[in-house]
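A quick write-up on the structure given underneath.
The values are calculated or read from the model by the stated rules, or taken from the named source; none is laboratory data. The structure presented is a predicted model; accordingly, all values stated were derived computationally and were not measured. We place every Cβ from the backbone using ideal geometry, glycine too, and count neighbours over all the protein chains shown. SASA here: full protein model, heavy atoms, side chains in, ligands and nucleic acids out. Shrake-Rupley method; radii C 1.70, N 1.55, O 1.52, S 1.80 Å.
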Amino acid sequence: MNVVFDFGGVLFRWQPHEFMPRLLPLHARNEETTAALVAEFFQGYSGDWGEFDRGTVDAFRVANRIAFRTQLDLADVQRVIDAIPSELHPMPASVALLRRLKAQGHRLFFLSNMPIPYAEHLERTQPLKEWFEDGLFSSRIQMVKPEPAIFHRAAQAFGIAPGESVFIDDFALNVKAAKALGWDAIHFLSSEQCEADLVKRGLI
């Protein structure tokens, strides 16, 4: 079986509700203000941030756009953008799950919405070539999930059939899009839940 992993929130830690209060404590003072700041800053990973993921704007331009739109100081916006690579820690339980799947002989791939500087950081610091046979970063192909085109591109690039593949993502819209295109898909909520869903499919 082919197993295609998302990165942020699945294999690598992604917790903006945790790091925003550390990085911008004056703006993320409690749960309510933090939730509002995260929503405004990342726009549900659409808008300005979606274009950063797509690779059509660079870090400098997206910082200026976010500062203009949110009225945050540009230095504060830049602080968040610059800090994100250090927040992308591998999630040990997910890495262990990945290794178990690989040991079972499954073909592993990745499909990640990821801006160019963060993709380059992961390529430098993580054993992606050891873990995966192949993978696509959205910013390299200027397509983003949940657009159907990126799933078609992934199937073609990896040489896999959606009906013989499991896609794992923490973002419900991406899971829904994959299923609509004939992929089996798991909505990742935790490593334990994901493992249970893979066991049900007989993959581990």
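Percent of accessible area on the chain owned by carbon and sulfur, 1.4 Å probe?
54 percent
In the chain, what % of DSSP beta bridges are antiparallel (nearest 5)?
Around 5 percent of the beta bridges assigned by DSSP in the chain are antiparallel ones.
Given a 10 angstrom Cα cut-off, can you work out which residue in N30, N64, N174 is the most mobile in a GNM of the chain?
Comparing N30, N64, N174 in a Gaussian network model of the chain, the most mobile one is N30.
For a quick check, take a GNM of the chain with Cα springs below 10 Å and name the residue from L173, L26, L11 with the largest mean-square fluctuation.
Most flexible of the set in this elastic network: L26.
Only residues of region 172-193 count here: report those whose backbone N is under 17 Å from the spot 7 Å along Cα→Cβ of I204, or say none.
Residues 185-193 fall inside that zone.
Quick one: accessible surface of W183, probe radius 1.4 Å, all protein chains present, in square angstrom to the nearest 10.
10 Å²
Rounded to two decimals, what is Rg over Rh for region 72-204 when you use alpha-carbon atoms and the Kirkwood radius?
0.98
From the Cα gyration tensor of region 1-73, with a ≥ b ≥ c the square roots of its eigenvalues, which class applies: rounded if a/c is under 1.5, or else prolate if a/b is larger than b/c, or else oblate?
oblate
What are the residues whose amide H is under 5 Å from the amide H of G135, where those residues sit 5 or more places off or on another chain and H is modelled from the backbone?
Amide H to amide H, under 5 Å and 5 or more residues apart or across chains, G135 pairs with F110.
Roll a 1.4 Å probe over the protein chains and send me the accessible area per residue for the chain in Å².
Counting only protein heavy atoms, the per-residue value for the chain is 47 Å².
With the dipole of the chain worked out from charges on the C-beta (+1 for Lys and Arg, -1 for Asp and Glu) around the Cα centre, which of F132, A161, F68 lies farthest toward the positive end?
Highest projection toward the positive end goes to A161.
GNM on the chain, C-alpha springs below 10 Å: top fluctuator among I168, I116, I160?
I160
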